[in-house]
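The structure under discussion appears below in the form of structure tokens.
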Amino acid sequence: MGKRVAVKETYLAFVQELEKRRETDYLVVHHTASAGDIGAAEIHEEHKANGWAGCGYHYVIRFDGTVERGRPRDTVGAHAFGVNDRSIGIALSGNFMTTEPTDAQITSLENLLADLCDLYCLNQTNIIGHRDVAVMLQDSADATACPGDRLYERMDEIRQRVHRLQE
Ligand SMILES: [Zn+2]
């Protein structure tokens, strides 16, 4: 896809047909809220157990910075209530309420965001944290701590770096 970061294919088998996404207005950043370094394959099993088609995120970023494929990029995700039909979901493995993302994760996230911004003609203003969605939609019922304080507080720095990468 992009020129800055490689995406590792995971060949997940989805149990329902995935809908094609018509619009892409937001790149939504999540954490997995897991204690350890979990990947797309494990999340896929968890999300199937929720009754979903499979992994709800489009990308999962491991501790070592590897970017794994979740849902195909051009499909509707299951990650951010209210904007699934117009966004891409990127989850960093870990719980950033209690721990810090790794430097490798942040670097991969910035590169992936810059690649996606190029692809969809977006810029840093289209990058949001999951918790921003409920605020944006004035929907307090879906308030969430995601992507965790220690990632959320770095979002401005990440947006600025994406902007510089796009120049
Ligand atoms: Zn989230």
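Where a number appears in this text, it was derived from the coordinates with a stated rule and is not lab data. Computed from a predicted model, the values in this text were never measured in an experiment. Reconstructed Cβ throughout: ideal geometry from the backbone, glycine too, with neighbour counts over all protein chains shown.
Which whole-angstrom value gives the distance between the alpha carbon centres of the range 121-167 and the range 10-79?
Using only Cα atoms, the two centres lie 18 Å from each other.
Can you pull a Stokes-Einstein diffusion coefficient for the range 1-104 at 37 °C (0.692 mPa s), Rh from Kirkwood over Cα pairs, as a whole number of µm²/s?
Taking Rh from Cα pairs, D becomes 238 µm²/s.
Could you tally the net charge around residue 153, taking each other residue with its Cβ under 15 Å from the Cβ of residue 153, Lys/Arg +1 and Asp/Glu -1?
Every neighbour counted, the sum reads 0.
Name the shape class, rounded, prolate or oblate, that the alpha-carbon gyration tensor gives for the range 90-142, where a ≥ b ≥ c are the square roots of its eigenvalues, rounded holds for a/c under 1.5, and otherwise prolate holds if a/b is larger than b/c and oblate otherwise.
The shape class here is oblate.
At a Cα cut-off below 20 Å, give the lysines reachable from residue 48, other chains included and same-chain residues fewer than 8 away excluded.
Hits, sequence-local ones excluded: 20.
What order, most packed first, do the peptides 102-115, 45-58 have when packing is the mean number of other Cβ atoms within 10 Å of each residue?
Highest mean packing first, the order is 102-115, 45-58.
Where is the GNM fluctuation largest for the chain (alpha-carbon springs, 10 angstrom cutoff): 75, 99, 66?
Per the Cα network of the chain with a 10 Å cutoff, 99 tops the list.
Please report, in Å, the Rg and the Dmax of the range 21-166, where both are computed over Cα atoms only.
For the range 21-166, the Cα radius of gyration and maximum Cα-Cα distance read 13.8, 40 Å.
Which percent of Cα pairs goes in each bin when the distances of the range 18-59 are cut into 5 angstrom slices starting at zero?
Computed distribution, short to long bins: 6, 18, 26, 25, 17, 7, 2.
Tally Lys/Arg at +1 and Asp/Glu at -1 over every other residue whose Cβ is under 11 Å from the Cβ of residue 22; what's the total?
So the surrounding residues net to -2.
Just to be sure I understand: with springs between alpha-carbon atoms less than 10 Å apart, which residue in 73, 21, 154 has the highest mean-square fluctuation in the Gaussian network model of the chain?
Maximum among the listed residues: 154.
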